[in-house]
Amino acid sequence: MYPGEQYFGTSRLELEFLVRHGVTHIDATVDGMDVPTLLRHREEAAAYGVEVEMVHVPPMDSIPLALEPQRARDIDTFCRYIENAGRAGLRGLNYNFCVLRAEGQGGLVQRTGQRPGRGGSWYSSFVLSEYDNETLYAAGRVRRDEIFARAQYFLERVIPVAEEYRVQLACHLDDPPAPVLNGVEKWNWPVFAGLQRFSELVDSPYHGFNFCCGVAAEGLENPAVELPPILQYFAERQKIFNVHFRNIRGGLHDFSETWPDEGDVDMYQLVKILHAAGYRYMLMPDHAPHHPDDVAPPGVSGRVRQAWAYQFGYIIGLIQAAEREARAASGPATSAVRAAGQR
C-alpha cells in the first residue's frame, strides 16, 4: 500500500511535484490510448522515478445509456484500450459507469454549492433539499435493475479481454449515491447492497472497484460506523484496485467534502483495515478543498497545489503508522513462536 494520485500528467513540473511529496505511482492523464502514447507517458514518468500504473478510460456515454449502434462500437473501442493497456504494461484501467450525467450540474458529479472551511478554503457540498431533482436529462427515467442489466451486458464483453491481457478494470462509485436523482436510480444505493451486486455481475479477479471512500460515505446515514465494514468486505475479497482517500462531514442527502483529518470518518481506521486485508495498491487524494491561492500554470494539472501536498503527507503518515502498529502487534507473538520452536 502506497500513496498515489490520478489526473496528473507527465510534465516535469507535475512529476517533480509528486516526487518531492513522496508519490511515485500514478493513474496518469494521457493524450492518447494507443500503445506508443501510453509507453511514452510511462517512459516520461519513469525518468523521474514515477510509475504510471493506470489511466482513465475516456467517458463513453453510449455504454451506460445503452444507445445502439454506438454502444457496440464503443465497447469495441473499450476492448482495444484494454489490449493497448496490457501491451503497454499498465496494471489496469479506471472507468465510470454513470447513467446520470446532469448537464449544467457538474457532469458525472452532482453538487449544490460550497461551504466555508478552515483557513479560507471551500468545501464542495450537496444538499438534496437545495438540488433541482425534477429535471430529467439525457438518460430519462431509469430503474436500478435496468442499470445493472446494462452493466452486466458491458462487463460480459470487456472482462474476458481484461483477463486475456491481465488488466484490472476498476469502476468508480457513482457520485453521490442516492435513491433517485433526476429520474435515475443510482446503482450504488443502498451502498453496500449496490456495490455487492455490481461486484457479483461477473466472476473475475480483474473486475473490481476504484473505491472512493468519500462517495461511499455520502450514501450512508452514519459513515463513521457504516463505512469501515463495507471497506473491509471488499478489501478482503480483493475487489479494490485503487482507493480514493477522502473524508466528508454529514452523509446521505447532506454532506461536505472536508480535509481528511476533520471529517466524520476515522481515516486511520480505514488504513488499518486495508493493511490487515493485504491491500497492495494506491491510496489517492481526491476532491480536495479549494483555496483561491491555488492557481496551476497553463497546461498543468490543477491538482498541483496546496491541498494535494497536504493530503500526500497525511496519507504517507497514516500508512507508516499502520505498518508500525502491525509490526509491534505481531512482534511478541512471533518471538514466542520462535522460542517455542527452539525448545
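Every number here is computed from the coordinates shown, using simple stated rules; none is lab data. Predicted, not measured: the structure shown is a model, and the values here were computed from it. All Cβ positions, even for glycine, are placed from backbone atoms using ideal geometry, and neighbour counts span all protein chains on display.
Every residue, every condition in (1) aliphatic (A, V, I, L, M); (2) surrounded by fewer than 24 Cβ atoms within 10 Å (Cβ to Cβ); (3) touching a strand residue (DSSP E or B) at 6+ places or on another chain (Cβ under 8 Å), yes or no:
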| residue | (1), (2), (3) |
| --- | --- |
| I230 | yes, yes, no |
| E236 | no, yes, no |
| F241 | no, no, yes |
| D261 | no, yes, yes |
| D264 | no, yes, yes |
| V271 | yes, no, yes |
| Y279 | no, yes, yes |
Of all strands (runs of 3 or more DSSP E) fully inside segment 144-262, the set with 1 or more residues that are touching a Leu at 6+ places or on another chain (Cβ under 9 Å), farther than 30 Å from G119 by Cα and touching a residue at least 24 places away in the same chain (Cβ under 8 Å) is 168-172, 207-212, 240-244
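The rows are residues; the columns are (1) of a type in the set (G, A, S); (2) more than 17 Å from the chain's Cα centre (by Cα).
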position	(1), (2)
V184	no, yes
W187	no, no
L195	no, no
S204	yes, yes
G208	yes, no
F211	no, no
G214	yes, no
P228	no, no
